[in-house]
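Notes for the one structure printed next.
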Ligand code: DGJ
């Protein structure tokens, strides 16, 4: 619900649990008064914002008089929705623009607002949130000098503690303006008593965890790699000093965007926390012509006053219910077998047919032929951009028919945004390459160039080639890979004035191809991927209901990656496969993969009959429980592997009738007091578990805990426990 309280000039966003209050002050600034647990009334709230009156003053040039801001407003310290730039407020501002006269100053002041139900309309081909159970306030602001406007959008969901923020810049002057920074939001909090948790990483080591106290000064979490997330994931959270997994205030943040992002956190002389979030302004300069507007991606804020897990669960529900657009989202997902780690580029038709047979034996329902099926692609030096089947290597019709005869689906790998120097496309259209091809050298990543996806002709060309394949072959699934970063970001398609737009235009190109493909082939499921989990972000999830989590499939390292990823993203989105690694048994590896999308990626001919049986036991659990308990249920992070000897997670179906628990210990332990206290059960109901085969009440499991004290636990032993209400 959103109301306007005219007597106090307040805009109040609230649902059953939280309130967010904005005050339109007498000077036209929007002050953020409150963000927290729902208030029953807002009387006296204006008192809460008062600061000392020793802040900057101004000289009124008409009245020829020095003026003081009254009303407890301090222009360089008060919590604001949008700070100005170039005046006395030296804090980080979401907008920097250059007007025709060369000025970098801007100060956007209140003009009007309108409140409506639902979320703001977004143009197609740009990932965004949806959901009718929501309200939005759109606040129009005008620059104090120029006819430049900003619309601030703020939405609240009725059924989740989620706020969504973004803004739009509108040029009503007669001259072009240059946007040097156009970020999505600002969130000012009147305290710096928080820990910031974020997720740095690298290839095969994505989303490690790092935490620090907010400190005076500035901290930045960002990407300038052209894609979002190998290095820092756009998901972060702030945790009040006294908060933990179950108690206290936690504020999660993410951005619905797949390119360069920047999260700036600043704590100034008032010991506040000021968060600015949006597109990274490095090398960014967008020309906004008269009458044009620039819309920024949506930032999503998940608020919890009941600890980290509630913040995570809220994000999980939001992603599943308000973000993913895949038509079959919510339907049972087939068990996937991927060919990559089994045979890499080295296959022929017979080998693939034999893989399909074996995949079927371990319960697979979807066979995916990864890299290597097209053009002259026998290694990673060639072929990208030439999307036609290498018929000498693989009879694709035969492979697909074989799958269909066995009742299985079929999927193919693509890497649409790339081009090999050894390809027909590079010979025929060198200018499709990103970067200046007239210069002396172009940098390579995995021996390949980046296509210029800011150029619509390139998108048309790749779309046409992909359609030829998708029209000729019965494809149920695409793995969309992306294996290098953006290096040179010069586009020969655009004039020099627009080179600062290229990074963002590449993202728009990525979305526009996804949009065209998902419109034309709505039944095909697209799994995102970028050298593993290098583009694990909300922008991708809008089109792709799951994303390959990491090229690190070895179970021990993966355990950390999946645990940390699941703090911000539901398990149903984290592509996770059982591989050949010798360190753990197949049973244990499959149990772990069950807490992800679940699939296989190995040479299946190496499996012995016992291993096939073991894998099938888990595949049967997948078929019985995964959708209800793991894909749709609530997840609890019971014990973190980041700072204990255990990885322990639990999922509970929404109706609380079933639950799966997984426990892995890192180091060996002898018998000792060891109870796993479960969560989310119905305390009065009785549940049978398959660990000691006893029946206890939910209250027992949640307070006394399941007793695992009797046994020794060997290194990386894995317990998968199933509970069912009786
Ligand atoms: C990187 C991906 O992460 C892998 O799963 C695999 O698809 C390879 N690329 C193929 O080149």
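Structure summary
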quantity: Verdict on residue 449 being farther than 25 Å from residue 521 by Cβ, under 28 Å from the mean Cα position of the chain (by Cα) and either touching a residue at least 60 places away in the same chain (Cβ under 8 Å) or assigned to a strand (DSSP E or B) (or both); calculated: yes
quantity: In region 529-546, the residues that are more than 10 Å from the ligand (Cβ to nearest atom) and part of a strand (DSSP E or B); calculated: 546
quantity: So residue 371, is it away from the ligand (no atom under 15 Å from the Cβ) and either surrounded by 19 or more Cβ atoms within 10 Å (Cβ to Cβ) or modelled with pLDDT of 95 or more (or both); calculated: no
quantity: Some residue of region 556-577 being surrounded by fewer than 22 Cβ atoms within 10 Å (Cβ to Cβ), assigned to a loop (DSSP other than H, G, I, E, B) and within 16 Å of the ligand (Cβ to nearest atom); calculated: no
quantity: Some residue of region 493-500 being farther than 30 Å from residue 391 by Cβ and within 16 Å of the ligand (Cβ to nearest atom); calculated: no
quantity: Sole exception among (1) away from the ligand (no atom under 12 Å from the Cβ); (2) part of a loop (DSSP other than H, G, I, E, B); (3) in contact with a strand residue (DSSP E or B) (Cβ under 9 Å, 6 or more places away or on another chain); (4) touching a residue at least 60 places away in the same chain (Cβ under 8 Å) for residue 316, by number; calculated: (2)
quantity: Verdict on residue 350 being more than 17 Å from the chain's Cα centre (by Cα), without any contact (Cβ under 8 Å) to a residue 40 or more places away in the chain and within 16 Å of the ligand (Cβ to nearest atom); calculated: no
quantity: Residue 327 being assigned to a loop (DSSP other than H, G, I, E, B), touching a helix residue (DSSP H, G or I) at 6+ places or on another chain (Cβ under 9 Å) and at pLDDT 95 or above; calculated: yes
quantity: Test: residue in region 320-335 that is over 29 Å from residue 618 (Cα atoms) and over 31 Å from the mean Cα position of the chain (by Cα); calculated: no
quantity: In region 201-237, the residues that are over 24 Å from residue 481 (Cβ atoms) and buried (at least 24 other Cβ atoms within 10 Å of the Cβ); calculated: 237
quantity: Which numbered condition residue 230 misses (of (1) modelled with pLDDT of 95 or more; (2) touching a strand residue (DSSP E or B) at 6+ places or on another chain (Cβ under 8 Å); (3) within 16 Å of the ligand (Cβ to nearest atom)); calculated: (1)
quantity: Breaking point among (1) exposed (fewer than 14 other Cβ atoms within 10 Å of the Cβ); (2) in contact (Cβ under 8 Å) with a residue 12 or more places away in the chain; (3) under 23 Å from residue 309 (Cα atoms), for residue 715; calculated: (3)
quantity: Condition check for residue 170: within 29 Å of residue 18 (Cβ to Cβ) and surrounded by 17 or more Cβ atoms within 10 Å (Cβ to Cβ); calculated: no
quantity: Residue 597 vs. criteria assigned to a helix (DSSP H, G or I), within 16 Å of the ligand (Cβ to nearest atom), under 30 Å from residue 200 (Cβ atoms) and in contact (Cβ under 8 Å) with a residue 24 or more places away in the chain; calculated: no
quantity: Qualifying residues in region 227-250 (those that are assigned to a strand (DSSP E or B) and under 11 Å from residue 309 (Cα atoms)) - the one farthest from the chain's Cα centre (by Cα); calculated: 248
quantity: Candidate set: region 603-621, residues that are surrounded by 20 or more Cβ atoms within 10 Å (Cβ to Cβ) and within 23 Å of residue 715 (Cα to Cα); chosen: the one farthest from the ligand (Cβ to nearest atom); calculated: 614
quantity: Counted residues, region 87-122 - those being out of contact with any strand residue (DSSP E or B) (no Cβ under 7 Å at 6 or more places or on another chain) and crowded, with 19+ Cβ neighbours inside 10 Å; calculated: 1
quantity: Region 185-219, residues that are closer than 29 Å to residue 451 by Cα and either out of contact with any helix residue (DSSP H, G or I) (no Cβ under 7 Å at 6 or more places or on another chain) or not in a loop (DSSP other than H, G, I, E, B) (or both); calculated: 200, 201, 202, 203, 204, 205
quantity: Criterion (surrounded by 17 or more Cβ atoms within 10 Å (Cβ to Cβ), more than 16 Å from the ligand (Cβ to nearest atom) and without any contact (Cβ under 8 Å) to a residue 60 or more places away in the chain) met by exactly one of 360, 398, 393; calculated: 360
quantity: Verdict on residue 550 being within 14 Å of the ligand (Cβ to nearest atom) and surrounded by fewer than 24 Cβ atoms within 10 Å (Cβ to Cβ); calculated: no
quantity: Among (1) touching a residue at least 60 places away in the same chain (Cβ under 8 Å); (2) more than 16 Å from the ligand (Cβ to nearest atom); (3) farther than 26 Å from residue 541 by Cβ; (4) in contact with a strand residue (DSSP E or B) (Cβ under 9 Å, 6 or more places away or on another chain) - the single one residue 380 does not satisfy; calculated: (2)
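Per-residue answers, yes or no, for (1) surrounded by fewer than 17 Cβ atoms within 10 Å (Cβ to Cβ); (2) over 25 Å from residue 250 (Cα atoms):
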residue	(1), (2)
6	yes, yes
9	yes, yes
20	no, no
23	no, no
33	no, no
38	yes, no
41	yes, no
46	no, no
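The values are calculated or read from the model by the stated rules, or taken from the named source; none is laboratory data. Computed from a predicted structure; not experimentally measured. Backbone-built Cβ (ideal geometry, glycine too); neighbour counts: all protein chains shown.
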